[in-house]
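Worksheet: the structure to be examined is printed underneath.
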Amino acid sequence: MAASNKPLAWRRLLFGLCLFHAVVQDRRKFGPLGWNIRYDFTDSDLSVSLAQLQEYLDHYECPPFKVLQYLVTEINYGGRVTDDKDRRLINTLVRTFCSPDLLEEGYAFSPSRTYTVPDCETVAQFIEVIRGYPLTPNPEIYGLHENADITCQQAETYELLGTLLGLQPRTTSRGSGDSREDVAGRVATDILAKLPAPFNVEAISAAYPTTYKESMNTVLAQEAIRYNALLAVINSSLHAVLKALKGLVVMSPDLEKVVDSLYDNQVPESWAVRAYPSLKPLPSWTADLLERLSFISTWVANGTPAVYWISGFFFPQVSCNALERFYFFRHALAVAGPTVLSRHC
């Protein structure tokens, strides 16, 4: 507490930087709302920042806050930040926790004034103030809307349920029902029986050539390619799982994960990374996939549909752009700037 020859300014700025460190760390629990990329900030980032703060406090009558903010966000913490939006965010956050305003009496870090600069002189006093803070911090201290808590709570719930599923027994005693292998094999066989054949991309490209007048033909070909890649992963992994369950091939760690996911009614990770974003469990996810494939098949067989299932595309944004261009060409309009269609999509 007495590390600087300006004890009052040192204590307040020390508390501000420590709170800043806690905020940038804890924002990770909000997922993409917190940071576009999950960064591994460490205690050394805080230690270096505090050493620089002490140096500038001792050698300058008025601390150069702009220099301190630059060192903290662009050098110490910013050395890990690679996304341009995240860099802008951390530069904005530091102005709340390291600025001349902290030297004023009663400065608040949040609009509700739940978090203010404490007028403490000892470590014990600071600890007592910190213990009085809410056990579950309000999103306002992170600079987020209250609804951000919904995303955080959903992530925590999914993690908890995933842990509970992982604790399920993987073996069964004799006469107590189907084993894990029996359930996984039955699910794999059922999914394979429902999957259609891959799309003939060459035939689709020939029947729906890419032209300036028909921008949706390009979308159709791209969707067919993406769904074919997903179908290939599903088919290969399920056939490999069935062979491994019969002892024909070695049960690798990757196949073991697929078996566990099939047993837990979850989408295997190897499928999810190749698929569209979805939070559905495996049965609903499979039914949704079949509906999407049926939509593309109907398009191929019956021609361009009058109504498009926007959420049935892998990337709805690309489909919206193609629809926008098709609409402008059909009505002889110029494409200039954002439109109502693109905003609604």
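The values are calculated or read from the model by the stated rules, or taken from the named source; none is laboratory data. Note that the structure is predicted; figures quoted are calculated from it, not measured. As a convention, Cβ positions derive from the backbone with ideal geometry for all residues, glycine included, and neighbour counts pool all protein chains shown. Each accessible area value is taken on the protein alone, full model and side chains, heavy atoms only, with ligands, DNA and RNA left out. Shrake-Rupley method; radii C 1.70, N 1.55, O 1.52, S 1.80 Å.
Scan segment 77-95 residue by residue and report those that are within 17 Å of S49 (Cα to Cα), open to solvent by less than 20 Å² (accessible area, probe 1.4 Å) and not hydroxyl-bearing (S, T, Y).
G78, V81, I90, L93, V94
Being farther than 30 Å from Y158 by Cβ, in contact with a helix residue (DSSP H, G or I) (Cβ under 7 Å, 6 or more places away or on another chain) and of a type in the set (S, T, N, Q) is true for just one of S47, S99. Which residue is that?
After applying the criteria, what remains is S99.
List every residue pair whose Cβ atoms lie under 9 Å apart, where the two residues are 6 or more positions apart in sequence or sit on different chains, the first residue falls within segment 259-271 and is buried (at least 19 other Cβ atoms within 10 Å of the Cβ), and the second residue, located anywhere, is of a type in the set (A, V, I, L, M) and not in a helix (DSSP H, G or I).
Going by the 9 Å Cβ cut-off, the qualifying pairs are V259/M251; S261/V267; V267/A275.
Scanning segment 52-83 for residues that are among the aromatic types (F, W, Y) and assigned to a helix (DSSP H, G or I), which turns out modelled with the highest pLDDT?
Only one residue tops the list, namely Y70.
Please give the number of the condition Y56 fails out of (1) open to solvent by 20 Å² or more (accessible area, probe 1.4 Å); (2) under 28 Å from Q153 (Cβ atoms); (3) among the hydroxyl-bearing types (S, T, Y).
Every condition holds for Y56 apart from (2).
Quickly run through segment 166-187 and pick out the residues that are modelled with pLDDT under 80, open to solvent by 50 Å² or more (accessible area, probe 1.4 Å) and either outside any loop (DSSP other than H, G, I, E, B) or touching a helix residue (DSSP H, G or I) at 6+ places or on another chain (Cβ under 6 Å) (or both).
Selection gives R170 alone.
From the list S110, S49, which one is without any contact (Cβ under 8 Å) to a residue 40 or more places away in the chain, surrounded by 12 or more Cβ atoms within 10 Å (Cβ to Cβ) and not in a helix (DSSP H, G or I)?
On the way: S49 fails: not in a helix (DSSP H, G or I).
None of the other options fit; the residue is S110.
Do we find that R27 is within 16 Å of the chain's Cα centre (by Cα), open to solvent by less than 50 Å² (accessible area, probe 1.4 Å) and under 22 Å from T151 (Cα atoms) in this structure? Working first, answer last.
Values: within 16 Å of the chain's Cα centre (by Cα): yes; open to solvent by less than 50 Å² (accessible area, probe 1.4 Å): yes; under 22 Å from T151 (Cα atoms): yes.
Criteria met by R27.
Can you tell me which residue within segment 84-107, out of those that are under 19 Å from E140 (Cβ atoms) and assigned to a loop (DSSP other than H, G, I, E, B), is modelled with the lowest pLDDT?
G106
Is it true that some residue in segment 9-29 is small (G, A, S) and at pLDDT below 90?
Yes, the conditions are met somewhere in segment 9-29.
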